[in-house]
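A.B. asks: Could you have a look at this structure, given as C-alpha cells, before my questions?
The values are calculated or read from the model by the stated rules, or taken from the named source; none is laboratory data. The shown structure was predicted, so the numbers you read here are calculated from the model rather than taken from an experiment. All Cβ positions, glycine included, derive from the backbone under ideal geometry; neighbour counts span all protein chains shown. Calculation scope for accessible area: heavy atoms of the full protein, side chains included, ligands and nucleic acids excluded. Shrake-Rupley method; radii C 1.70, N 1.55, O 1.52, S 1.80 Å.
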Amino acid sequence: MANTIEDEDSQPFPWQLGVYDAHCHPTDTMSTVSSIPEMKARVLTVMATRAEDQELVAQTADRFGVKSQNQGSWSQDECVVPCFGWHPWFTHQMFDVEDFGGKETLDQDSKILHYQTILSPKRDHLSEEERQRFASLPDPKPFSQFLEQTKRYLTRYPLALVGEIGLDRSFRIPETWIPGHDGKRDESLTPGGREGRKLSPYRVNIVHQKKLFKAQLQLAGELQRAVSVHGVQAHGVVFETLQETWKGYEKKVLSKREKKKQAEAAKSSTQQEVLDADEKQVSPKPFPPRICLHSYSGNPDAFKQYLNPAIPAEIYASFSTAINLSDKQDVSAPSALEQLIKMIPDDRILIESDLHVAGPRMDQHLEDMVRRLCGIKGWTLSDGVEQLGSNWRMFALGRMQDLS
Ligand SMILES: [Zn+2]
C-alpha cells in the first residue's frame, strides 16, 4: 500500500536508490576523502575553488573518479565527479595580463595598483597604511595561466565539470595572517580558506569578478562541460552574465503550428541531416550546456527569467540545508523557499551538502534536504530520490551522445 506524504517523515531513507551530492568541498578536509566510498551517498560532485585545491581535486578524481557515463559499469570506488574552477572569493588573487602590458609577474607598484583597481571601496589616493596593506595581500597571478591549467585538467578528466565559479557582492577579503599567528590555524584544513582570519573592509568589484566568471563560462562552453555557479547578492548580474554568453544562440520558441510543420519536415529529412544535427550538439559553444545555480538564494520572482524556453542551456537549481534551510521560517506561512521549489520543474532540481567534510554529516545533510524537498513537492521518498538521481545524472553526466 502506498504511504501518504505525512507518513514519509518516519520512513527509512531509501539510500539504495542512489543519492547524489551536486556540490561539496571534501578536499577542504583531505583526511576525510578516503571515507567517500563508505558513505551512504553514491556520488559526490567535488568542487575546486582556489590555488590550493585544484590538484587535490585531481588526486581525489584519480582515486575515486567515475570513469564512464554508464553508471551500470561503475565500481564502488567510482564515487566522485571532479570540478575545476576559481571561486569569486579568491578573484582578487588574479590579474588580467592585458591590464599590465602583457607582464606575467607584477612588481610591488603594479601589485598595489592591481588591488587599488579591483577592490572596492575604490581609493584614488592611497595612504601609506593602505599601500602597506595591499602590499601584504597575496601576489596576484595571471588569470590566463589558470585558464590554461583548468583546460588541461578538463582534458585529463573528460567527465569533469567547471566549478565553483560565480559572483558574490557580499563577501569581504580576509586579512593576511599576521606573522606568527598562522601557527593558530587548523592543520587539518587545506590552506587558503578563510578559517579564523579577520575580514578586511574590502570587496572585489563586480567588474573584475565578472571578467573571471565569464571566461570560465566560455571555457566550459568550449569543452561542453556543465558548470556549478555561486551567486550571492548578485542574482541580476549572474543572469546578465549567463545571458551574454548565449546571446545569439537563443532557441526559437515555436508555436503549435510551427512545431507540427517541423515534425513533418523531420520525417522527410535524410539520415545525413540527422547526423549534422547531432554533430552540432557536441560542437564548442560560448556557453555551458548545463548550469546549476548552487544553493540558489534568489527570490522566486527573479527565478522566472530562468524558465524562459528560449534559453539554450539547461538550468538546474540545487538546494542545501546549510544555506537554504539555515533560517527557520514561520511554518504557518508558505516560505519563499517553498514557493521557489514549487516553481522549479521537477526535472531541474538538485540537492547538495556544500560541506567541507566528507562522511556521516554530509549524508545527514543530504537526507534532510531530500525529505524537505519531497514534502514540498508532494513526492514519496522513493519517488523523490529517484527523480533527484535522474536529475543529477542528466546534469553531471549529460546525455550519452554528448560525449564524443
Ligand atoms: Zn560551494
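A.B. asks: For the range 299-318, which positions are surrounded by 14 or more Cβ atoms within 10 Å (Cβ to Cβ), under 27 Å from Cys24 (Cβ atoms) and away from the ligand (no atom under 16 Å from the Cβ)?
C.D. replies: Within the range 299-318, Pro300, Ala302, Phe303, Tyr306, Ile311, Ala313, Glu314, Ile315 meet the criteria.
A.B. asks: If you take the residues in the range 72-95 that are in contact (Cβ under 8 Å) with a residue 12 or more places away in the chain and over 21 Å from the mean Cα position of the chain (by Cα), which one is surrounded by the fewest Cβ atoms within 10 Å (Cβ to Cβ)? Outline the logic, then answer.
C.D. replies: Here is the first cut: in the range 72-95, the ones in contact (Cβ under 8 Å) with a residue 12 or more places away in the chain are 76-95.
The next check asks that each one be over 21 Å from the mean Cα position of the chain (by Cα); those that pass are 76-77, 95.
Values: Gln76: 9, Asp77: 13, Phe95: 27.
Looking at residues that are in contact (Cβ under 8 Å) with a residue 12 or more places away in the chain and over 21 Å from the mean Cα position of the chain (by Cα), I get Gln76.
A.B. asks: Quick check on my filter: what residues within the range 7-29 are open to solvent by 20 Å² or more (accessible area, probe 1.4 Å), modelled with pLDDT under 95 and in a helix (DSSP H, G or I)?
C.D. replies: Answer for the range 7-29, where residues must be open to solvent by 20 Å² or more (accessible area, probe 1.4 Å), modelled with pLDDT under 95 and in a helix (DSSP H, G or I): Asp7, Asp9, Ser10, Asp28.
A.B. asks: Give the residues of the range 336-357 that are small (Gly, Ala, Ser) and open to solvent by 10 Å² or more (accessible area, probe 1.4 Å), sorted by residue number.
C.D. replies: Taking the range 336-357 as the starting set, the residues that turn out to be small (Gly, Ala, Ser) are 336, 353.
Ala336, the sole residue that qualifies.
A quick yes/no check of all residues on (1) open to solvent by less than 40 Å² (accessible area, probe 1.4 Å); (2) over 21 Å from Trp89 (Cα atoms); (3) touching a residue at least 12 places away in the same chain (Cβ under 8 Å):
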| site | (1), (2), (3) |
| --- | --- |
| Lys214 | no, no, yes |
| Ala220 | yes, no, yes |
| His230 | yes, no, yes |
| Ala234 | yes, no, yes |
| Val238 | yes, no, yes |
| Trp246 | yes, yes, yes |
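A.B. asks: Something else about it: What are the residues in the range 130-154 that are among the polar types (S, T, N, Q) and farther than 15 Å from Ser110 by Cα, if any? Steps first, please.
C.D. replies: Step one: filter the range 130-154 for residues among the polar types (S, T, N, Q), giving 132, 136, 144-145, 149-150.
Correct list: Ser144, Gln145, Gln149, Thr150.
A.B. asks: So how many residues does the range 42-71 have that are surrounded by 19 or more Cβ atoms within 10 Å (Cβ to Cβ) and more than 16 Å from the ligand (Cβ to nearest atom)?
C.D. replies: 7
A.B. asks: Now for a separate question. Can you go through Pro201, Pro191, Pro174, Pro179 and tell me which one is surrounded by fewer than 18 Cβ atoms within 10 Å (Cβ to Cβ), in contact with a strand residue (DSSP E or B) (Cβ under 7 Å, 6 or more places away or on another chain) and modelled with pLDDT under 90?
C.D. replies: Values: Pro201 fails: in contact with a strand residue (DSSP E or B) (Cβ under 7 Å, 6 or more places away or on another chain); Pro191 fails: in contact with a strand residue (DSSP E or B) (Cβ under 7 Å, 6 or more places away or on another chain); Pro179 fails: in contact with a strand residue (DSSP E or B) (Cβ under 7 Å, 6 or more places away or on another chain).
Exactly one residue qualifies, and that residue is Pro174.
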